Every structure is written in structure tokens, then in C-alpha cells.
2 protein chains.
Amino acid sequence: MSKKDFVEKITAMEDDFAQWYTDVVKQAQLVDYGSVRGTMIIKPYGFALWENMRDELDRQIKETGHTNVYFPLFIPESLLQKEKDHVEGFAPEVAWVTHGGDEELGERICVRPTSEVLFCEYYSNNIHSYRDLPMLYNQWSNVVRWEKTTRPFLRSLEFLWQEGHTAHAAHEDAAEETERMLNVYNDVCENHLAIPMIKGYKTEKEKFAGAKYTMTIESLMHDGKALQAGTSHLFGTGFAEAFDIQYLDEDGNQQYVHQTSWGITTRLIGALIMVHGDNRGLVIPPRIAPTQVMIVPIAQHKEGVLDKAYDLRDQLAKIARVDIDASDKMPGWKFNECEMKGYPVRVEIGPKDIEKGQVVLVRRDTGEKEFVPMDQVEERLPALLEEIQQNLFDKALKHREEKTSVATNMEEFQQILDEKPGFIKAMWCGDVACEEKIKEDTMATSRCIPFEQEKVSEACVCCGKEAKEMVYWARAY
Amino acid sequence: MSKKDFVEKITAMEDDFAQWYTDVVKQAQLVDYGSVRGTMIIKPYGFALWENMRDELDRQIKETGHTNVYFPLFIPESLLQKEKDHVEGFAPEVAWVTHGGDEELGERICVRPTSEVLFCEYYSNNIHSYRDLPMLYNQWSNVVRWEKTTRPFLRSLEFLWQEGHTAHAAHEDAAEETERMLNVYNDVCENHLAIPMIKGYKTEKEKFAGAKYTMTIESLMHDGKALQAGTSHLFGTGFAEAFDIQYLDEDGNQQYVHQTSWGITTRLIGALIMVHGDNRGLVIPPRIAPTQVMIVPIAQHKEGVLDKAYDLRDQLAKIARVDIDASDKMPGWKFNECEMKGYPVRVEIGPKDIEKGQVVLVRRDTGEKEFVPMDQVEERLPALLEEIQQNLFDKALKHREEKTSVATNMEEFQQILDEKPGFIKAMWCGDVACEEKIKEDTMATSRCIPFEQEKVSEACVCCGKEAKEMVYWARAY
């Protein structure tokens, strides 16, 4: 018997959330570990999930006027060092190539942790006039960051992502772009991944190395920890000055370009798992599910059952991504696998159903069963998938709201973390010293200064001085 | 004025083919050079070409039952060394990572030149029973080979490709798979890229490092040099023995799996350029053209012209990938750019055409003009695109046939290379000594032992001993 003949039990998330996560990514066949510490193999089911997220995001990136390009994996060390803040942020976690074949290289080469400096050098050589602007580039690629502790999808030595890099004539254009792409990310996350987001600014301490400001979308996982889902950075003219990216404006004056960059990574798959999953495994939102409907024949050895099941598969294939499990495993085993993989709908069809001219639709999100006449299933199924999509979002939003608390002093702050961990809304004076003290004392970090501000109290939660703004805080992935 | 306001003249291919190639890739905005020697930036137009090839190939890879995965960029040195022939073939051109951040690594890490060893290790851990087979994986990724001399697309330090890796229960299954994927490549190249191919086996000397045999599709460029467009390798059980990849068969016996791998790379873009291009620039086959139709308004300042041109764009967008150049450049400049970019059809529309209720369709491949009544253009255009697609293939096939010669001795062989370089069909005794002598004396290599054999003479072209088979020879990229 093959290992594949068993679905092993997974740890309950209440007992050990980290172990639950590890069990799910393994049992649902999403990843395996690579040979080099901290690298991961993305298996067929995990990669199909990524392809669906990627394709939707790629569609929206193109729809907003961007074109895809591909820049090299390798960056000379001297080029990385051109922008001071940037190199300080990234150099400690760079993988260095020192030899090509037998030859020792004259200059070390960096395996890209991100590609700002390559795009900047390109822009410097290729932007001359206002007519060349805006330049709206995106690339899908792998990047490497030499992390000490790693976990599949959440933090790995190598991950997949897209990185957008744009150059604009005016500050306003770049600022609009930064927000436009944050909104694209927000749309993909909320409307396709069914994960509700908080939009806001990163603090000075947490912003991207080299950016003027960073916008972020933040989400809350099942265990009350936050996860940054996507960021969009406004660079202003900082990189343009370091790399001499100038253009001749309409009045014949040399001007620096205004730049942005923005990225989303395979860690979104981690968010998907930790927002929707449960103790039976994954729960995948229909819009990005590689398999939306799995047909499980019951008593398939009986005459006519498999024929009917395959007919149903062919019929439903026109309206959904549908598959059939006609293997010789027991239905109970197949049900477990459907749940582990998180297929939105399981369709059962057996001799009794055929007799009654019906099928059974079983929702993964609620476990509810529906008996649907065969001739109505084509009408019912798309509506059901939409209901599931909406329900997953609503559930996640409700969960986030339940786990969002207000703290007006550090005692409350700590108590919330101990008793009901989640997002903490608290006022902040704007001083990095308070931000650092909070992190040191509680391990919670500032997640964002939300666009939608509320005045939850008068004074900074940490120092008690006059508050400038409300901040979302949480322990985070 | 911006650099983009000029289309610079390109070198004629008759004068200097290599320079013509370099001029075209630069002027048609396909690539730029990266900062690390031998790396390339694939610009929007070049990447859009790659996306179209990739999407068609990906569709066929999935249609033939394969799933996409993603394996790590990094391979430990010890793992690379597990299969003797394989490491000998690749180690000399590997880029080595020796440091992660400030830490010196205990073992050097190889940046993948290809991923056989990673897939083998995975298969060794994940294949247990005959029920796990076949395992049909593919990945789209970047790979690095430390080449001494490089040229955009044709030979670069880093390139993009797909690599398929499969494991099967029986030799016949693996052999069928090897041929199936060669046929998929052949279909994409002939029917989408319009490049005719010769299918055959590589010789022992030219086969993939670690393979039992390698199948290849070979094409002929405009200058009479050959280019290997895609290869498909049968491994037999060689890797399985080195990596201990065994499965329990239906009778309860342990068996080694039979493996294949197959790949196609961004160098196909180089083939596309050198097969269809001419002295005015690129010529792109309609099926993979990012822009199939470019509308150029004539006298666009006159009332109604731009409106009509945009209406036409909207109308044609339903049936083709269409764009409009409504910039303030002169029509002559726009025509030149259309030719440089190789758009299959240019549509001209001006005041006189509007008066007559017609548009002008200009073919890139032949330069022919057609005046088509406005109400027939939707019918005419798709047919015209198909004619162009077919004509490009026919022209390339005719060209290849004209440049394919037979040699029965080395004098003829050398004379052909001097006077009419192209494919040389010549008999071979099967001895690697002759193959090496031919390469040393003429710089021509064996391209393939074609599936379709002909007996063009009795004796080996080199040593005069009894011939075993007919071989295609050529100088090659």
C-alpha cells in the first residue's frame, strides 16, 4: 500500500497552531522541503493555487496599463550599494555568488533579494524625455533572502513574487500609482482570496528600505496574529537621485523621476491557509480553487453509477472546475481528502440518488448538505459557489472584528495579547521610541496607520503624551 | 527630443549577420544588457513574445496530463555530484553561492543549471508504489550557466525555460513520453512559430549529460547555421539507480522508475528572429504576435480621421490583437516602426479611405497592399492573418530546403560550408572519432540522426568505412 492511501490526522489548531499549520501544508500536499535549509518545493496543488492567484493579479496589473518584463537574477555588489538605506536594509540577508565555474569572480554578485537597483539603472539609461513617462513595468520572479528561521510560504530562503517598478514625471502621478496598486492588491485579496484587509501606511520604522512611505494591506490569521499581505511603496526622487534618473520636461528642464514599487508573494498562500482553514484541513475560496467541485461516486461498483458520475462531470465541466475521484478508495477516505484539500463543494452521487434523479451537494465551509434535482444542478451550483465565496469573506471579517480590541494603556495592551490576541487599536504619539518599547515589551509591532482613522483615546498608549494617530498593533508573521 | 523619436538604420544581414541580429534585438526593443556580463533584460515587447509562446506551450503541457510545480533555485554541491555523467556535464558552468549574509556556508550551493537532481531526490522520497506513477511534473523557471561568450537569447548566463521531469513504471511509457513531448515542441514551433523542424536523435557525443538518448528538433537560420530548438531526454533507470528511486510493482517487487526530462528556452526567440526577420527588422508570425494589427491613421489632424481609426480599433479588437499608433510622429516613421517590430498587418486609414469606405491592409511578410471595403474587413482580416502564418512557414521551409545539401566526402562537405552553408546530409559510420574530426576540421557538428532516414551514399563521409546512418550536420548556434 502506498502512503497516498492514508489521510493522516492533523493536530487541532487549538492545541498547537504552528503544528496545525505544518500538518496542513504537508497533508494537503502543498509543499515539501528543499535540500537547502529553508527552501521549499511547491507541489502541484500548491502551485495550482499560486497560478490562480497570479493569473488574476496579472490580469489586473495589465488592465491598469503595466507590461511584464524580466530582469536578471544577478546584481553586482557595487550596484546594490548605490542607495544607502536600501543596501543597509538588504545586505545582511543576501546570498553571494563568488565563483563562476572554476573562476573566482573579481566582484561578488548578489542573488536578487528585490530588483530596485536593476530597474533604476535601466531607467537611468532609458528615460530621456517626458514622452518616455510613465514607465510601468512588472515582473514575476523568484527572489532570495537569507532568513535565519523559515516556514513554508511564510518565510523562506527563496520565494516567488511579482515586483512592480514604475517611474513618473510628477509626485502626484507616483502617489496615485502607489495607491492604485494597493487597491489592486486589496481587490485580489478581498474579492478572490476572501480575506478582509486593513489598508494603511507603515510607520517610518517599518517602511521599505529606501522608500518615502509604504502603504500596506494587513490581515488577521486564525490565531490572532497579523500577516502583511501586500505593500506598495512611494520612493519620491530618492532612488532617482542616487541613480541619476532624469528626464527633460516640456519646458526643457531636467527633472528627477518619481518612482514606486509594489509586491505580493507566495506568502499569500500562507494567509489563505491560516484565515480559512480548520481542523479538517484547507478551505479554499471558490474563485481561486483549482478544483471547485469534486464528484465522489457512492457504491461505484453498482451498475450505472460511474457512467452517471462521468456524465455529471462532463456536464458540470462547462460551468465550474470539476474533477471526479473514481479511484478504488472508500468514500469515507475520499470525503476526508476532499476536506483536507478544501474543495469548496463535494458532489455525492450513488444508486439511490440516481433513482431519485438527484445529487447531493456538500459545502466545505459549513458542512451543509443539499439534495438537488439533477436538472437543476447547473443552475444551483454557480449560485452555491458564490454563496460560499461570500460566506468565507463574511466569516473572516467577523472573526477579525471579534479579535480587534482597543487599548488605552499598556496594561490593557498586554492583557489583550494574553487573553484575546488579535489586532489592537491604540493611539500613538508618533515617536519611534514608543514603537520600539512596545515591541520589546510585548513582541507586538505596529501593523499600520490605517487610512480610516478613529480617535480611540486622547493619549499615546505607551508614553501618555499627546497622540498623533491611531495605529493597528499585533504580533505578526 | 527623445531617443524613441528615431528608428535607426540596421546593418544589412548580407553584410554582417551577427551585427544585423544585434541591431534587430536592440532596435525592436526586445532586450537590453544586464549589469552582470552575459545577463539580459527582457523588455516589454520581448517578454510579450515569450508570454505568447509560453502560454501555448503551457496549454499543451497541461493538456498532455502534466502539472506545474516549483522547485528551489539552490542545489547543495553534494546532491549535484550524485550522478557522475551529469555533474561532469554541468559543474564547469555552475555559479556557486558561498556566503549567506555574513555567514560563510559549510557547503557550497549551486545555482541550478537544470533541476534533474532535485526532482530525483523528490521522487526518491515520494514514489513508493506503482499507483504513484506516472509522475508528470513541469516547471517554468530561470536557470544559470556560466558561459564564456554570450549573445541575447542565444546564449546567456541566465535564461528562462520550462523543464519537464517525469517518472514512469516501464521503459515503454518513458519512451512514449519522450517522443510525445518532442511532438508537442514540434507542434508549437511549426504551427505557432512557423519554423519548420527536423526531428531526430542526438548522437552519443551530443546527448544530454546523464541521458540514455536525447531527441531533438533542429531548425535552420537565415545565415545557414542551425539552432537546436528543443530537446527531450530518456534517462532510463540511470538517475533512479543513483538516487534510489524505486517503487513496488503490482507483483510486490521493487523496481527502478524510468525517467524523462525535456526543455525549451528563451533561445526560441532568437530562432524566431533569425528565421523570419529581414533587413527592415522582425517578422512575427500572427499566432504568437503580441500585436497582430497596428492601425496607422493618415493625416490624423483632419477631422474625423482619428475617430474613425479608434472606431476601427474597437471593432477589430474583437477578432485580433490590435493597437493604434495615434502619436504625433509622421506616418513614415510609424511605418518603419511597424516593420521593425514585425507586426503581421499594418492598417492605414486616411481621409481618402474614409471617403471611399475602405481601409488599406499592408502585409509585413510580402509588403503587399490590399484595399478592403470597411464592411468586409472583419471577414478579411482573420483570413489574411492565416495566410501570413502559412506563408511564413512555407518560406522558411523553402529556404531550408534550398540550403540543405548532400555531401559524400569531406571535400564536398567543406565546399558546401564555404559556398552554400546550411544543413549537410551525409552518411556516418557511427564512430565518435569521425564526428570529432569533422568538428575540428570544419566547425560543423552533428545536429541529429533524423527519424526520417535516407541513404544518400554508401560510406561514411569522413572515414569512408561502411555507413550506419544518415546525419544532419551544420555549424550551429
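The numbers here are math on the coordinates, done by the rules we state, and not lab data. This one's a predicted model, so the numbers in the text were calculated from it and none came from an experiment. Glycine also receives a Cβ, built like all others from the backbone with ideal geometry; neighbour counts cover every protein chain displayed.
Pairs of Cα atoms in the range A:130-197 fall into 10 Å distance bins, from 0 up to the last occupied one, in shares of 17, 32, 35, 14, 2 percent. Eigen-decomposition of the gyration tensor built on the alpha-carbon atoms of the range B:180-221 gives equivalent ellipsoid semi-axes of 22, 11, 7 angstrom, largest listed first. Dividing the convex hull volume of the alpha carbon atoms of the range A:326-456 by its residue count gives 167 Å³ per residue. Were the residues from A:Ala383 through A:His99 laid out at 0.36 nm apart, the gain over their Cα-Cα distance would be 96.5 nm. Label-point distances for A:Glu402 to the equivalent site in the other copies, using a point 7 angstrom along Cα→C-beta, read 7.6 nm when ranked shortest first. Across the range A:331-352, the residues whose backbone nitrogen lies under 17 Å from the label position 7 Å along the beta-carbon direction of A:Asn279 are A:336, A:339-340.
Sorted from nearest, the other copies put their B:Pro373 label points 5.2 nm away, the label point being 7 Å from Cα in the direction of Cβ. For the range B:404-474, the residue among B:Phe451, B:Ile424, B:Ser405 whose Cα projects farthest onto the positive side of the dipole built from Cβ charges is B:Phe451. By its C-alpha gyration tensor, with a ≥ b ≥ c as the square roots of the eigenvalues, how is the range B:404-474 shaped: rounded for a/c under 1.5, else prolate for a/b larger than b/c, else oblate? Rounded.
In the range B:404-474, what % of DSSP beta bridges are antiparallel (nearest 5)? Don't jump to the answer; show the numbers that get you there.
Working: 9 of 12 bridges.
Of those bridges, close to 75 percent are antiparallel.
Put simply, when B:210-219, A:370-379 are sorted by average Cβ atoms within 10 angstrom per residue, most first, you get B:210-219, A:370-379.
Which GluC sites (Glu not before Pro) does the range B:1-96 hold that lie in a coil by DSSP with at most 16 other beta carbons within 10 Å?
Working: sites: B:Glu8, B:Glu14, B:Glu51, B:Glu56, B:Glu63, B:Glu77, B:Glu83, B:Glu88, B:Glu93; in loops: B:Glu8, B:Glu14, B:Glu83.
Of the GluC sites (Glu not before Pro), the ones in loops of the range B:1-96 whose Cβ has at most 16 other Cβ atoms within 10 Å are B:Glu8, B:Glu14.
Once you average over the residues of B:37-47, how many Cβ atoms of partner chains fall within 10 Å of each Cβ? Don't skip to the end; give the middle numbers.
On the way: counts 5, 3, 7, 3, 12, 6, 7, 8, 2, 2, 8.
Counting other chains' Cβ atoms within 10 Å and averaging over B:37-47 gives 6.
An oblate overall shape is assigned to the range B:28-159, the ratio a/c of its alpha-carbon gyration tensor axes (a ≥ b ≥ c) being 1.5 or greater and a/b not exceeding b/c.
Fewest neighbouring Cβ atoms within 10 Å first, the residues B:Met443, A:Met294, B:Met340 line up as B:Met443, B:Met340, A:Met294. Dipole size of the range A:82-174 about its Cα centre, with +1 on Lys/Arg Cβ and -1 on Asp/Glu Cβ: approximately 320 debye, rounded to the nearest 20. Using the scaling law 2.2 N^0.38 Å as the reference, what is the normalised Cα Rg of chain A? In units of the globular-protein estimate, chain A measures up at 1.10.
Kindly identify the range A:20-93 as rounded, prolate or oblate by the Cα gyration tensor criterion: order the square roots of the eigenvalues as a ≥ b ≥ c, call it rounded if a/c is under 1.5, otherwise compare a/b with b/c, prolate if a/b is larger, else oblate. It would help to have the intermediate numbers written out before the result.
Values: a/c = 2.70, a/b = 1.30, b/c = 2.08.
It is oblate, given that a/c is not under 1.5 and a/b is not larger than b/c.
The orientation-averaged shadow of the Cα convex hull for the range A:202-245, equal to a quarter of the hull surface, comes to 3.4 nm².
For the protein assembly as shown, what is the Kirkwood hydrodynamic radius in Å, using each pair of distinct C-alpha atoms? Please report the intermediate quantities before stating the final value.
Details: mean 1/r = 0.0324 Å⁻¹.
Value: 30.9 Å, from the Cα pair sum.
From the alpha carbon centroid of the range A:320-356 to that of the range B:18-81 is 40 Å.
Placing +1 at every Lys and Arg Cβ and -1 at every Asp and Glu Cβ, with all other atoms neutral, what dipole size does the range A:291-382 have around its Cα centre, in debye to the nearest 20? List each step's numbers first, then the result.
Details: 15 positive and 18 negative charges, 43 e Å.
With Lys and Arg at +1 and Asp and Glu at -1, about 200 debye.
Taking 56 Å as R0, compute the FRET efficiency from the Cβ-Cβ separation of B:Thr64 and A:Ala433 and round it to 0.05. My answer for the efficiency is 0.35. Put a dot 7 Å past the Cα of A:Asp244, heading toward its Cβ, do the same for A:Asp418, and the two dots end up 6.0 nm apart.
Dividing the summed -39500 (n - 2.57) terms of all DSSP H runs of n ≥ 4 by the residue count of the protein assembly as shown sets its mean residue ellipticity at 222 nm at -10500 deg cm²/dmol. Net length available on complete extension from B:Glu172 to B:Glu14 is 52.1 nm, with 0.36 nm assigned per residue and the Cα-Cα distance removed.
Nearest 20 debye, what's the magnitude of the dipole of chain B about its Cα centre given +1 on Lys and Arg Cβ and -1 on Asp and Glu Cβ? Kindly include the intermediate steps, with their values, before the conclusion.
Details: 56 positive and 81 negative charges, 267 e Å.
The calculation lands at about 1280 debye.
Using a 7 Å projection from Cα along Cα-to-Cβ, the label point at B:Glu77 is separated from the same position in the remaining copies by 1.9 nm, smallest value first.
Would you mind ranking B:Thr445, B:Thr114 by Cβ crowding within 10 Å, fewest neighbours first? Intermediate values should be presented prior to the final figure.
On the way: B:Thr445 20, B:Thr114 23.
If I rank by nearby Cβ atoms, fewest first, I get B:Thr445, B:Thr114.
Sorted ascending by nearby beta carbons within 10 Å, beginning with the fewest, A:Ser457, B:Ser446 become A:Ser457, B:Ser446. With a cut-off of 20 Å on the backbone N, the residues of the range B:359-386 near the modelled label site 7 Å out from B:Gln315 along Cα-Cβ are B:359-363, B:369-386.
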